[in-house]
Amino acid sequence: MREKYSPAPAGPADSITRPAPPFPMPAPTPPMLAPNDDQSMFDLAPVSLWLEDFGGLKRLFDGWRAQGVQDLRAYLAQDPSRLTACTAALKVIKVNQATLQLFGAASLDELVDRMGDVFRDDAGEHMLHELEQLWGGALHFEDRTVNYTLDGRRLEVDVRVRVLPGHEQTWGRVLVSLDDVTEQSRTAAALARSERYARGLFERSPVSLWVEDFSGIRRLLEEVRVQGIRDFGTFLKVHPEFISRCMQEIRVLDVNEETLRMFGASSKDELLRRLPDIFQGEMHDSFAEQLRDLWDGRTTQQREVVNHSLSGEAIHIHMQLAVLPEHMQRWDLVLVSLVDITARKRAEAYLEYLGTHDVLTQLRNRTWYTEEIKRLARKGPWPVAVMAIDMNGLKRVNDEVSHAAGDALLRRAGEVLGKCVDAPASVARIGGDEFAILLPGGDERAVQAVRDRLASLVEVNNQFYAGTSGHALSFAIGAALCSPGESLEAALLRADRAMYSDKAQHYGTGIALPPAAAAGEER
């Protein structure tokens with residue numbers, strides 16, 4: 001507000017004439033001249049001080065009000081010369097040494113002459129704000145504005161304007177102070193940029209990030225220690241409710257955008273409101289492991305856990321947790337990152353599935369069957385019933401129609417056999433058209449139940465496919481029991497011979513086919 005100022009004229013010094021004494025007086029000792037305290041404080045103040053005369057501005061404002069002006073900003077915007085008139089009406093009476101040093105001026109005259117260099121560029125909007133304060137009747141106010149030194153350096157200053165007591169009606173004396181906050185502003189701006197950068201990294205991270213407060217958990221763990229508990233694992237088994245208490249003590253302070261996307265939340269409020277939907281099921285056991293690690297002092301952890309989206313879908317997650325170093329005493333700032341590994345887990349599960357299943361029929365494969373036979377031979381349970389099953393007519397379908405038609409018949413066999421038993425019984429495809437059913441703990445009645453169920457399913461399947469392929473599904477079946485102490489391999493051979501006998505009857509030969517002949521008859 002001090003653009004194009006002119007110094008106010010100084011008044012003539014007062015002079016007083018005293019009469020001569022009637023008789024000679026000794027010459028008095030010259031008194032010590034006491035400094036003008038007000039002037040000294042003004043000149044030596046560590047902040048920039050300006051004593052100004054705003055009387056001209058007051059008269060200008062009064063004239064505009066008499067003309068009916070109400071909105072000063074709009075009035076000044078209509079004619080730029082009006083703002084120039086405002087600044088020209090302001091008079092600088094004096095400034096202190098701190099002002100000259102701040103702006104790099106040798107004298108008040110130089111500073112006043114170069115006011116156009118001090119108030120330029122982005123200072124205009126701040127000047128309008130100060131004029132509006134005065135127009136509105138404020139006799140003292142504060143603002144942050146921009147000035148420039150005479151050598152061109154940009155200054156940010158906190159300006160304080162006060163109409164001095166006794167001059168409220170005329171604005172003849174106004175004290176203005178400027179506090180240079182350029183360095184503080186730069187520091188604050190740098191900090192703000194750093195915070196925006198960190199916030200951007202947090203929000204745009206491709207990994208789900210959670211900022212949490214574990215101070216409540218730390219307090220509960222310390223309470224347990226005070227009680228003399230040393231075996232924390234046993235304590236959790238005896239008091240599983242303690243795990244739930246600790247889970248309830250977690251305070252989620254913030255999450256990023258990837259977290260909302262991962263869990264299907266429309267907002268942070270929705271996510272935080274529905275945390276029980278996310279942390280359910282086996283998360284209770286996973287959190288118990290986290291507590292045991294925290295109890296042992298492991299404040300940096302990683303493990304695989306299962307969470308759930310808000311739609312209920314299971315999400316396999318690789319979790320990393322770290323108590324930030326500056327918060328080790330309270331655990332009141334913990335960073336948790338979650339990486340969605342659902343696709344990887346599905347791929348692993350599929351590869352594992354391929355290792356133990358037949359792709360065409362979806363039944364267990366020979367590799368799994370061989371391992372299961374070894375396991376049953378070692379552990380039982382006894383007796384173990386085994387059923388050898390062979391498809392009838394597959395070679396004819398392959399030779400006379402196509403292998404694609406044969407594959408379709410095999411898929412139908414998988415559909416039927418997969419539904420004829422329940423765990424712990426199992427079905428495996430052990431050859432081209434050969435299958436086996438293992439019934440741990442099964443007896444003759446269990447075998448007969450499987451035969452009956454299989455016959456019923458085959459009948460329904462043939463009816464369903466009668467109008468499409470025309471190829472009937474048919475099995476040759478043989479069964480045997482293995483009692484404790486007997487060889488499971490021997491039982492398998494008996495079941496195999498019984499199956500060949502059933503196949504011979506199917507083809508009307510009346511005799512059992514030897515294994516070698518059977519191998520040549522089918523694919």
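Some notes on this structure:
- Only a single criterion out of (1) surrounded by 14 or more Cβ atoms within 10 Å (Cβ to Cβ); (2) touching a Leu at 6+ places or on another chain (Cβ under 8 Å) is not satisfied by E326, namely (1).
- Being in contact with a Phe, Trp or Tyr (Cβ under 9 Å, 6 or more places away or on another chain), closer than 24 Å to R298 by Cα, of a type outside the set (D, E, K, R) and without any contact (Cβ under 8 Å) to a residue 12 or more places away in the chain holds for only one residue in I229, I243, and it is I229.
- So V447, is it open to solvent by less than 40 Å² (accessible area, probe 1.4 Å), touching a helix residue (DSSP H, G or I) at 6+ places or on another chain (Cβ under 9 Å) and either at pLDDT 95 or above or not polar (S, T, N, Q) (or both): no
- Qualifying residue in segment 234-254 (condition: closer than 19 Å to V339 by Cβ and within 19 Å of the chain's Cα centre (by Cα)): yes
- Listed by first and then second residue, the pairs with beta-carbon distance under 6 Å, at least 6 apart or on different chains, first residue in segment 57-81 and charged (D, E, K, R), second surrounded by 10 or more Cβ atoms within 10 Å (Cβ to Cβ) and not in a helix (DSSP H, G or I), are K58/W171.
- Residues of segment 433-444 that turn out to be open to solvent by less than 40 Å² (accessible area, probe 1.4 Å) and either at pLDDT 95 or above or in a strand (DSSP E or B) (or both), as a count: 6
- Residues that are open to solvent by 40 Å² or more (accessible area, probe 1.4 Å) and either among the β-branched types (V, I, T) or over 15 Å from L253 (Cα atoms) (or both), drawn from segment 331-351: V339, D340, A343, R344, K345, R346, A347, E348, A349, Y350, L351
- Given (1) open to solvent by 50 Å² or more (accessible area, probe 1.4 Å); (2) under 20 Å from D179 (Cα atoms); (3) not charged (D, E, K, R), index of the condition S81 fails: (2)
- Out of E258, E270, E241, E249, one residue alone is surrounded by fewer than 12 Cβ atoms within 10 Å (Cβ to Cβ) and within 20 Å of M283 (Cβ to Cβ). It is E241.
- When the test is whether a residue is without any contact (Cβ under 8 Å) to a residue 40 or more places away in the chain, surrounded by fewer than 12 Cβ atoms within 10 Å (Cβ to Cβ) and hydrophobic (A, V, I, L, M, F, W, C), V181 does not pass it.
- In segment 397-417, the condition of being among the hydroxyl-bearing types (S, T, Y), in contact (Cβ under 8 Å) with a residue 12 or more places away in the chain and outside any strand (DSSP E or B) is met by no residue.
- Test: I278 is under 29 Å from V339 (Cβ atoms), touching a strand residue (DSSP E or B) at 6+ places or on another chain (Cβ under 9 Å) and either open to solvent by less than 20 Å² (accessible area, probe 1.4 Å) or touching a residue at least 40 places away in the same chain (Cβ under 8 Å) (or both): yes
- Filtered residue count, segment 101-120, keeping only those that are under 23 Å from Q39 (Cβ atoms) and either touching a Gly at 6+ places or on another chain (Cβ under 7 Å) or open to solvent by 20 Å² or more (accessible area, probe 1.4 Å) (or both): 7
- Residues (on the phi < 0 side of the Ramachandran plot and open to solvent by 30 Å² or more (accessible area, probe 1.4 Å)) located in segment 309-321: S311, E313, A314, H316, H318, Q320
- Of all residues making up segment 352-374, the number that are surrounded by 12 or more Cβ atoms within 10 Å (Cβ to Cβ), charged (D, E, K, R) and assigned to a helix (DSSP H, G or I): 3
The values are calculated or read from the model by the stated rules, or taken from the named source; none is laboratory data. Remember, predicted model here, so these are calculated numbers, not experimental data. Every residue, glycine as well, gets a Cβ built from its backbone with ideal geometry; the counts of neighbours run over all protein chains shown. Note: areas computed on protein heavy atoms with side chains; ligands, DNA, RNA excluded. Shrake-Rupley method; radii C 1.70, N 1.55, O 1.52, S 1.80 Å.
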